[in-house]
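Asker: Can you read through this structure? Questions will come right after.
The values are calculated or read from the model by the stated rules, or taken from the named source; none is laboratory data. Model, not experiment: these values are computed from the prediction. Here the Cβ positions follow ideal geometry from the backbone for every residue, glycine too, while neighbour counts run over all protein chains shown.
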Amino acid sequence: MGLNLRNAIIHNVSGNSQEEFKDTIVDAIQSGEEKMLPGLGVLFEVYWQNASPQEQSVVLEKLENVLK
């Protein structure tokens, strides 16, 4: 089931513009609904898998700093 959810989320956002991605992320955060977390997780997973080691390092550093 998890794989189907992941694929459905990817299918739903494939081809989105930067503005549409931003709207999706902002809406998910502002709504505060737990049901939005899997979608954000899938977006982060796709980003992480395609990020360079340097980009991953920047993300890890930012997370470390904001979650101290």
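Asker: Determine whether G32 is without any contact (Cβ under 8 Å) to a residue 40 or more places away in the chain and at positive phi.
Answerer: Yes, satisfied.
Asker: Considering only residues that are of a type in the set (K, R) and at pLDDT below 95, which ones fall in region 12-43?
Answerer: Listed by number, the list holds a single entry, K35.
Asker: While we're here: For region 35-68, which residues satisfy the criterion of being acidic (D, E) and closer than 13 Å to V13 by Cβ? Explain how you work it out, then say what you get.
Answerer: From region 35-68, those acidic (D, E) are 45, 55, 61, 64; that's our starting set.
Selection gives E45 alone.
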